[in-house]
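J.: First the structure, which I've put down as structure tokens, then a few questions once you've had a look.
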Amino acid sequence: MHTPFRIIALLLLLFGSVAASAQPEQPAPAWSALSADEQRVLDPVHAQWEQLPPGAQQRLQRGARRYPHMNPEQRAKFDERLRKWNKATPEQLAKMREHYAQFQSLPAEQRERLRAQFQRFRSLPPEQRAALREKFQQMSAEERHAFLAGAGAQQRADAMREFAQSVPLEQRAPTRQMLRSLTADQRRAFGRNWRALAPEQRDAYRQRIVQMTPEQRAAELTPR
């Protein structure tokens with residue numbers, strides 16, 4: 001069973017189009033529900049349509065709607081995307097649907113972090129993106145495990161650094177004392193709740209938890 005970060009890393013490096021196009025709470029469009037113009041643009045993937053991940057269907061439909069207004073370069077890129085989906089094997093499409101379902105099962109905050117990470121990945125020069133994918137695909141199972149474990153540790157360290165920097169200097173001692181009093185599960189719950197809040201709400205939430213009694217904190221942060 002993949003841990004959440006392993007799913008994220010695999011999606012980023014191998015199935016980025018699924019992660020980028022995954023839009024929650026939007027129904028996947030059936031082929032019969034597409035307009036005649038959309039069907040004409042998307043005809044190269046007609047045979048594969050029902051096997052495509054829902055997020056890919058949504059993204060392709062949006063592209064088909066914009067297609068008449070695209071310039072020649074944009075149309076060429078979109079047509080190339082259709083050709084890639086057309087060449088995908090049933091096994092590849094099944095794996096992508098599986099990863100899409102795993103992506104949607106993640107908490108909302110993790111999905112948003114994934115989208116942000118993927119956008120940073122896409123901002124890299126094409127040759128760097130290709131090199132990262134190739135390097136990952138050439139790794140042995142043991143090397144991939146070590147890579148993902150290290151990436152997960154880095155993500156946790158980045159999250160802790162972000163939190164520490166957000167705490168005013170004079171409030172760091174009581175905050176550290178509060179964190180030390182929590183169980184591992186409670187610390188994870190606190191972190192999830194803190195990250196899910198808007199930046200302007202986080203400090204008030206942290207102070208509220210610090211000011212609670214141990215019993216109140218346990219009730220607040222223990223999963224029900």
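Only the coordinates and a few stated rules stand behind these numbers; no lab work does. Treat the numbers as computed from the prediction; the structure is a model and nothing was measured. Heads up, the Cβs are rebuilt from the backbone with ideal geometry, glycines too, and the neighbour counts pull from every protein chain shown.
J.: Counting other C-beta atoms within 10 Å, which of E91, E220 has the fewest, and how do the rest follow? Intermediate results must be reported in sequence, preceding the final value.
T.: Numbers: E91 8, E220 14.
Listed from fewest to most nearby Cβ atoms, that is E91, E220.
J.: Set the Förster radius R0 to 41 Å, insert the Cβ-Cβ distance between E80 and E162 as r into 1/(1 + (r/R0)^6), and round the FRET efficiency to 0.05.
T.: Values: r = 38 Å, r/R0 = 0.92.
About 0.65, to the nearest 0.05.
J.: Under 13 Å from a point placed 7 Å out from the Cα of A30 along the Cα-to-Cβ direction: which residues of region 48-62 have their backbone N that close?
T.: Inside the label zone: 50.
J.: In nm, give the distance between the simple-model label positions of S123 and N71, each being 7 Å from the Cα along the Cα-to-Cβ direction.
T.: Each label point lies 7 Å from its Cα, and together they span 2.3 nm.
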